[in-house]
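**Student:** Below is the structure I would like to discuss, written out as structure tokens.
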Amino acid sequence: MSDRNTTPLLEVKDLEVKYGNITALHGISFTVNQGEIVTLIGANGAGKTTTLHTITRLPPPEAPRLTGGDILFDGKSIVKTEPHDVVRKLHCALAPEGRHIFGNLTVMENLTLATYSREKGADLEKDYNEVFDLFPRLAERRHQRSESLSGGEQQMLAVGRALMSGCKFLMLDEPSMGLAPLLMYDMFRALKQLNQEGITILLVEQNAKLALDFAHRGYLLETGEIILSGNAAELMEDPDIHKAYLGH
Amino acid sequence: MDTLFQNLLNALQWGSFYSLIALGYTLVYGVLRLINFAHGDIVMVGAYIAFFIASALLGVYGGIPALPGWVVLALTIPITMVLTSVVGVTLERIAYRPLRRKGANRLYVVITALMAGLILENGNLLLLGASRKKFPELIDKVVYQFGPVSVTNLKIGVILTSILSFVILHMIITRTKAGMAMRAISYDKFAVPLMGIPIDQIIVFTFILGSSMAGLAGILFALSYPILDPYMGISIGWKAFIAAVVGGIGDIRGAFAGGFILGITEIMVVAFFPSSYRDLISFTILLLILTVKPTGLFGMPKTTKI
């Protein structure tokens, strides 16, 4: 693992956010280096999704108010960046929890829409082919209304869409949710492949074993605070994590 | 049979007005979940803008030599559509967007729309006074006779224009990325910025489309019924809104079909009953349609919008 880059791509520093008067994140800090796969694990309500939504800079009510700390991307603060510019200018995409695909559009339209603000002259044809190579099921169903896809296929579409937006940094929120085990491993194999092709990944998962198997490093989030961090292999051996999240 | 055809032509003309206006309601609803109750008054503003542009081009205010009527019409239509869009977009900017930014409940936005409509009506009254305006006649009336059925060039023009506008609008919604984004917003607003799409840009585009249709409806109406007053948009606006709901609000095919259904219902009621019963009977029929299909003809519960 020593060949991995240690230039931080994303640096979250003392991030504090609130929903109304309720503090959801109590000053968390973590970094994601260029080329890494980092996972945030933790139970329901720990603040994992909140963290991702805050990074995307979605406005309230979708994301909470940022009341302290800073988010640096490539060394620059993105706190004041508009959500569409996070995608367009920073090439930072989120495949959200629950997929949020546009069910009234076809698979192809979903992918096309994600290219809305790609720079002119981008080789879209190549990108479509890459997505279809990665997820051949999407190619078969490209003219189908995406509502009619199975859960696993919808998840593929959510990831495919993020790729079509031209992302170099991909955040995934519970990509394993609702997937049959076989599809789940397929999905993670695809993500691994993307990472090897140079995409940095921040993964949020409740399935801690799956996430740690797959990631380089991890952070354990509990009620809005990071209580543990380290290499994935170390975390896997940690007795507390073992007891609380791996369950045997 | 002949009177039936004659009535049908009138029905198609009124259906065209309703459809063009209903399209504006349905587009804005599809994207913002907002019933823009000021939309009928935007039609009135469109008619007045057309009045002033046409009068200016006819040389009424001096400065330029009078242009021939058809040139005036050809210029008035695009200029009015552009200026009416500016009014619609301005309304969005100063009335709706600030509320959206603050996360206001939809009810407040609808109330704001109603108030914006009243401001447009009364602002017009203040600026131009209560006297009505006579819209100039821009094209010579030609009557075509098909056996016992007669139809004017204007009527044909109105019907064809509305069909053409619908076809163009449908292409924009189904084929362009901005149109896809409009449909996407109506399905899942949350994920749209995640695609790198600036939502406000799409909302402005929606208001441009809707208001330019209102402007077009304003001109066509003024050409057909050339007396303008500040309250002319109220009744036709409400009816077009009902047409949009009957068609299935949020779906442009629904708005278009709903407009014609309302036009045909009204004219057919008048053909068989005293005309004072027109609204009573036609709205009873529409109510029945909604009772049978509460989501409107093209609406599907919680699926397609726009």
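The values are calculated or read from the model by the stated rules, or taken from the named source; none is laboratory data. Everything quoted here is computed from the prediction, not taken from an experiment. No Cβ is skipped: glycine too gets one built from the backbone with ideal geometry, and neighbour counts run over all protein chains shown.
**Student:** Please state which of the following conditions B:Arg183 fails to meet, knowing it meets all the rest: (1) more than 30 Å from B:Leu99 (Cβ to Cβ); (2) assigned to a helix (DSSP H, G or I); (3) of a type in the set (D, E, K, R).
**Tutor:** Here B:Arg183 meets the rest and fails (1).
**Student:** Taking B:Phe298, is it more than 27 Å from B:Val87 (Cα to Cα), surrounded by fewer than 20 Cβ atoms within 10 Å (Cβ to Cβ) and of a type outside the set (A, V, I, L, M)?
**Tutor:** No; evaluated as a whole, the condition is false for this residue.
**Student:** Before we move on, is B:Ile208 surrounded by fewer than 24 Cβ atoms within 10 Å (Cβ to Cβ) and either polar (S, T, N, Q) or more than 20 Å from A:Ile101 (Cα to Cα) (or both)?
**Tutor:** Spelling it out, B:Ile208 is indeed surrounded by fewer than 24 Cβ atoms within 10 Å (Cβ to Cβ) and either polar (S, T, N, Q) or more than 20 Å from A:Ile101 (Cα to Cα) (or both).
**Student:** Checking B:Ile168 against (1) touching a Ser or Thr at 6+ places or on another chain (Cβ under 7 Å); (2) modelled with pLDDT of 95 or more, only one condition comes out false. Which one?
**Tutor:** So the condition that B:Ile168 fails would be (1).
**Student:** If you don't mind, there's one more thing I want to ask. Consider segment B:61-104. How many of its residues are in contact (Cβ under 8 Å) with a residue 40 or more places away in the chain, over 30 Å from B:Leu114 (Cβ atoms) and hydrophobic (A, V, I, L, M, F, W, C)?
**Tutor:** Total satisfying the criteria: 3.
**Student:** Consider segment B:141-161. How many of its residues are closer than 11 Å to B:Leu223 by Cα and either assigned to a strand (DSSP E or B) or small (Gly, Ala, Ser) (or both)?
**Tutor:** Qualifying residue count, segment B:141-161: 1.
**Student:** Okay, next question. Residues that are within 10 Å of chain B (Cβ to nearest Cβ), buried (at least 23 other Cβ atoms within 10 Å of the Cβ) and in contact with a helix residue (DSSP H, G or I) (Cβ under 6 Å, 6 or more places away or on another chain), at least 3 per element: which strands (runs of 3 or more DSSP E) completely within segment A:60-173 meet that?
**Tutor:** In segment A:60-173, the matching strands (runs of 3 or more DSSP E) lie at A:92-95.
**Student:** Okay, moving on. Looking at (1) closer than 29 Å to A:Glu197 by Cβ; (2) in a loop (DSSP other than H, G, I, E, B), which is the one condition that is false for A:Ala46?
**Tutor:** So A:Ala46 meets the others, but not (1).
**Student:** Still on this structure, I have one more. Would you confirm, using the coordinates I've provided, whether B:Leu23 is out of contact with any His (no Cβ under 6 Å at 6 or more places or on another chain), in a helix (DSSP H, G or I) and within 14 Å of chain A (Cβ to nearest Cβ)?
**Tutor:** Judged against the criteria, B:Leu23 is not a match.
**Student:** If you check A:Gly166, A:Gly178, A:Gly160, A:Gly218, which single one turns out to be on the phi > 0 side of the Ramachandran plot and at pLDDT 90 or above? Break it down stepwise before answering.
**Tutor:** Numbers: A:Gly178 fails: at pLDDT 90 or above; A:Gly160 fails: on the phi > 0 side of the Ramachandran plot; A:Gly218 fails: on the phi > 0 side of the Ramachandran plot.
From the options A:Gly166, A:Gly178, A:Gly160, A:Gly218, the qualifying one is A:Gly166.
**Student:** Let me ask another. Consider B:Ser224 carefully, then state whether it is over 24 Å from B:Ile79 (Cβ atoms) and either surrounded by fewer than 23 Cβ atoms within 10 Å (Cβ to Cβ) or more than 14 Å from chain A (Cβ to nearest Cβ) (or both). Break it down into steps so the answer makes sense when it comes.
**Tutor:** Working: over 24 Å from B:Ile79 (Cβ atoms): no; either surrounded by fewer than 23 Cβ atoms within 10 Å (Cβ to Cβ) or more than 14 Å from chain A (Cβ to nearest Cβ) (or both): yes.
Here the answer is no, as B:Ser224 does not meet what is asked.
**Student:** So is B:Gly247 modelled with pLDDT under 95 and within 14 Å of chain A (Cβ to nearest Cβ) or not?
**Tutor:** It is false that B:Gly247 is modelled with pLDDT under 95 and within 14 Å of chain A (Cβ to nearest Cβ).
**Student:** Let me ask something else about it. Answer with yes or no whether B:Leu138 is within 30 Å of B:Leu57 (Cβ to Cβ), away from chain A (no Cβ under 14 Å) and part of a helix (DSSP H, G or I).
**Tutor:** no
**Student:** Of all residues in segment B:158-199, how many are of a type in the set (Asp, Glu) and more than 9 Å from chain A (Cβ to nearest Cβ)?
**Tutor:** 0
**Student:** Looking at (1) in contact with a His (Cβ under 9 Å, 6 or more places away or on another chain); (2) free of Cβ contacts under 8 Å to residues at least 60 places away in the same chain; (3) buried (at least 18 other Cβ atoms within 10 Å of the Cβ), find the lone condition where B:Ala214 falls short.
**Tutor:** Only one criterion is unmet by B:Ala214, namely (2).
**Student:** Is one or more of the residues making up segment A:44-51 within 16 Å of A:Ile71 (Cα to Cα), within 14 Å of chain B (Cβ to nearest Cβ) and not basic (Lys, Arg)?
**Tutor:** Yes, there is a match, as at least one residue in segment A:44-51 is within 16 Å of A:Ile71 (Cα to Cα), within 14 Å of chain B (Cβ to nearest Cβ) and not basic (Lys, Arg).
**Student:** Kindly indicate whether A:Lys18 is buried (at least 22 other Cβ atoms within 10 Å of the Cβ) and either in contact with a helix residue (DSSP H, G or I) (Cβ under 8 Å, 6 or more places away or on another chain) or more than 10 Å from chain B (Cβ to nearest Cβ) (or both).
**Tutor:** No.
**Student:** For segment B:211-306, which helices (runs of 4 or more DSSP H) that fit wholly inside it have 3 or more residues that are under 30 Å from B:Ile53 (Cβ atoms)?
**Tutor:** Because the criterion is at least 3 residues that are under 30 Å from B:Ile53 (Cβ atoms), the helices (runs of 4 or more DSSP H) in segment B:211-306 that meet it are B:232-247, B:252-272.
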